[in-house]
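The values are calculated or read from the model by the stated rules, or taken from the named source; none is laboratory data. This one's a predicted model, so the numbers in the text were calculated from it and none came from an experiment. Here the Cβ positions follow ideal geometry from the backbone for every residue, glycine too, while neighbour counts run over all protein chains shown.
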Amino acid sequence: MSQTRIAVIVGSLRKDSFNRKLALAIAHLAPSDFNFEHLRIDDLPLYNQDDDGNQAPAVKRLKSEIAASQGLLFVTPEYNRSLPGVLKNAIDNASRPYGQSAWAGKPAGVIGVSVGAIGTAVAQQHLRNVLAYLDVPTLGQPEAFFQNKEGLFDDKGHIAEGGTKKFLQTWVGKYVAWIKSHA
């Protein structure tokens, strides 16, 4: 059975990140032929166009990991009604120099969890705008933005049983189909 490699980009650097937990929970709900690899973005330099001709080793590594994947999974919190700066920096670094974007053509899913009542809805919309420009076909429906409430995750870090888990399983099924349809 051939493995489908998914590059996971978590927009939070926090040690106990809810979004990292969500990314791990998604991997538990996905088929066994999907391999989720978390990409490191905390060591990237701030994007500077002057560096396009000589990208840092961390940027080259990120671009190589994206190129080796068959799909992308963005799991992000919402900061100040937008996507986190660390995530935007990773996107900018891997999209340059112009015409050499590692993102182009890679199918993606966008999801997130936050403590706010609207979850990550606004951050996801901003992220979708950026991904559209970068030619990243992104799963449109169902949208999934979760509010982190007591009991969302069980003691093993999985999504707890109930309606949320059923919804997330449906989302994962649509995401898997989306990635396969673009393979």
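Laid out as a table, the results:
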read-out	value
Residues of the range 123-145 satisfying the condition of being touching a Phe, Trp or Tyr at 6+ places or on another chain (Cβ under 9 Å) and assigned to a helix (DSSP H, G or I)	A123, Q124, L127, L131
From the options F74, F18, F36, residue that is in contact (Cβ under 8 Å) with a residue 24 or more places away in the chain and either over 22 Å from V176 (Cβ atoms) or of a type in the set (S, T, N, Q) (or both)	F18
Residue check for N54: in a loop (DSSP other than H, G, I, E, B) and surrounded by fewer than 22 Cβ atoms within 10 Å (Cβ to Cβ)	yes
Among (1) surrounded by 15 or more Cβ atoms within 10 Å (Cβ to Cβ); (2) under 23 Å from S2 (Cα atoms); (3) over 15 Å from the mean Cα position of the chain (by Cα), the one test that N148 misses	(2)
Criterion violated by A177 - all others in (1) surrounded by fewer than 16 Cβ atoms within 10 Å (Cβ to Cβ); (2) aliphatic (A, V, I, L, M); (3) not in a helix (DSSP H, G or I) satisfied	(3)
Positions within the range 26-40 being among the small types (G, A, S), out of contact with any helix residue (DSSP H, G or I) (no Cβ under 7 Å at 6 or more places or on another chain) and either at pLDDT below 95 or assigned to a loop (DSSP other than H, G, I, E, B) (or both), in sequence order	S32
Every residue from the range 129-143 that is touching a Gly at 6+ places or on another chain (Cβ under 8 Å) and either surrounded by fewer than 22 Cβ atoms within 10 Å (Cβ to Cβ) or without any contact (Cβ under 8 Å) to a residue 60 or more places away in the chain (or both)	D135, P137, T138, L139
Leading residue by the ranking (farthest from A121 (Cα to Cα)) among those in the range 1-21 that are of a type in the set (K, R) and surrounded by 12 or more Cβ atoms within 10 Å (Cβ to Cβ)	R5
Residue check, N80 free of Cβ contacts under 8 Å to residues at least 60 places away in the same chain, closer than 23 Å to A132 by Cα and surrounded by fewer than 20 Cβ atoms within 10 Å (Cβ to Cβ)	yes
Conditions (1) in a loop (DSSP other than H, G, I, E, B); (2) surrounded by fewer than 22 Cβ atoms within 10 Å (Cβ to Cβ); (3) modelled with pLDDT of 95 or more; number of the one not met by K106	(2)
